[in-house]
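Here the structure comes first, spelled out in structure tokens, and everything after it is commentary.
The values are calculated or read from the model by the stated rules, or taken from the named source; none is laboratory data. Treat the numbers as computed from the prediction; the structure is a model and nothing was measured. Ideal geometry is used to build each Cβ from the backbone, glycine not excepted, and the neighbour counts take in all protein chains shown. SASA here: full protein model, heavy atoms, side chains in, ligands and nucleic acids out. Shrake-Rupley method; radii C 1.70, N 1.55, O 1.52, S 1.80 Å.
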Amino acid sequence: MNQQETLRQWVKESRRIVFFGGAGVSTESGIPDFRSTDGLYHQEYDYPPEEILSHEFFVKNPEEFFRFYWAKMIAPQARPNAAHRVLAKWEAEGRLTAVITQNIDGLHQAAGSRKVYELHGTVHRNHCTRCGRKVPLSEIREHKGVPRCTCGGILKPDVVLYGESLDTETLQKSVQAIEEADMLIIGGTSLSVYPAAGLVHYYRGKRLVLINLSETPMDAQADLRIHGSIGKTLEVFL
């Protein structure tokens, strides 16, 4: 049996699939990996993305933070790709119990997934740093500068910035889902960002699948490795 046939057979036999995904899932929808340091970033910004997307930078320099945020982090034109749609389909069929994502774009929900654990938060929720009022992205999308609440406080995206802790409840639910999974599919991630990447070590099953364009630190432990596009690999399930 080749890799694709093995994957198809395992999916058919599973009822508690958990998918753990990263930036590679969304790049196929046209959303760039914001950690990359291509020429465009160097031309437009005086700081590396990792510094701009830190809690300290947000507090000290909100103007520059939001200049980067509106330009690089919001992608209203992006639509779910084949990977997002297949995962939603599997959930509807009762095969998949959870999607655990490092992405903040909400594309899994847009595709129809309901049980999504967003490790790094989402751009679709915001809150006032002064009064705590919750504000949807639709209310502040037209801002070009620093978005402010009616009370005057800065509206912060509910995105986990560098220097901030991941949500404890989200972590706990993610760990439980992985521990109870009969198949874990890791896709579109280099497994280099911690603590999120460390969650995969809670899997104790015999069907660990890795789908990624490049090698990862978990390749040796995988029961099935597919080096390729996550979207193209999964689109055969549509």
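What the table below lists for this structure:
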| quantity | calculated |
| --- | --- |
| Probe 1.4 Å, all protein chains present, accessible-area order of ARG114, ARG15, largest first | ARG114, ARG15 |
| Solvent-accessible area per residue for the chain (1.4 angstrom probe, square angstrom) | 49 Å² |
| Phi to ³J(HN,Hα) by Karplus 6.51 cos²θ - 1.76 cosθ + 1.60 over segment 132-139, Hz, x for Gly, Pro | x, 4, 8, 9, x, 4, 4, 7 |
| Amide H within-cut-off set for GLY121, under 5 Å, with H built and near neighbours excluded | VAL160 |
| Environment charge at ASN126 (Cβ cut-off 12 Å; Lys +1, Arg +1, Asp -1, Glu -1) | +4 |
| Accessible area in the full protein assembly, largest first, 1.4 Å probe, for SER214, SER29 | SER214, SER29 |
| Solvent-accessible area, 1.4 Å probe, carbon plus sulfur percent, for segment 1-102 | 49 percent |
| Lys/Arg +1, Asp/Glu -1 at C-beta; segment 119-181 dipole; positive extreme among THR150, THR122, VAL160 | THR150 |
| Charge sum, other residues only, whose C-beta stays under 13 Å from SER174's C-beta, Lys/Arg counted +1 and Asp/Glu -1 | -3 |
| For segment 172-223: rounded, prolate or oblate by the Cα gyration tensor [a/c cutoff 1.5] | oblate |
| Cβ-based net charge around ILE186, under 14 Å, with every Lys or Arg adding one and every Asp or Glu removing one | -1 |
| Karplus 3J(HN,Hα) series, Hz, for segment 91-99 with 6.51 cos²θ - 1.76 cosθ + 1.60 (x for Gly, Pro) | 5, 5, 7, x, 9, 10, 9, 6, 10 |
| Of all DSSP beta bridges in the chain, antiparallel share, percent nearest 5 | 30 percent |
| From the coordinates shown, semi-axes √(5λ) of the Cα gyration tensor in Å corresponds to which of (1) 32, 25, 15; (2) 33, 18, 16; (3) 55, 19, 15 | (2) |
| With DNA, RNA and ligands ignored, accessible area of THR129 (1.4 Å probe; Å², nearest 10) | 80 Å² |
| The chain: relative contact order in percent, alpha carbon pairs under 8 Å with at least 6 residues between | 24 percent |
| Unit charges on C-beta of K, R, D, E only; dipole of the chain, Debye | 800 debye |
| Segment 98-190: relative contact order as a whole-number percent, Cα under 8 Å and 6+ apart | 25 percent |
| Under 5 Å, built H, 5+ apart or other chain: amide partners of ILE186 | PHE20, VAL209, LEU210, ILE211 |
| Under Karplus coefficients 6.51, -1.76 and 1.60, residue-wise ³J(HN,Hα) of segment 188-197 in Hz, glycine/proline x | x, 9, 7, 6, 10, 9, 10, x, 3, 4 |
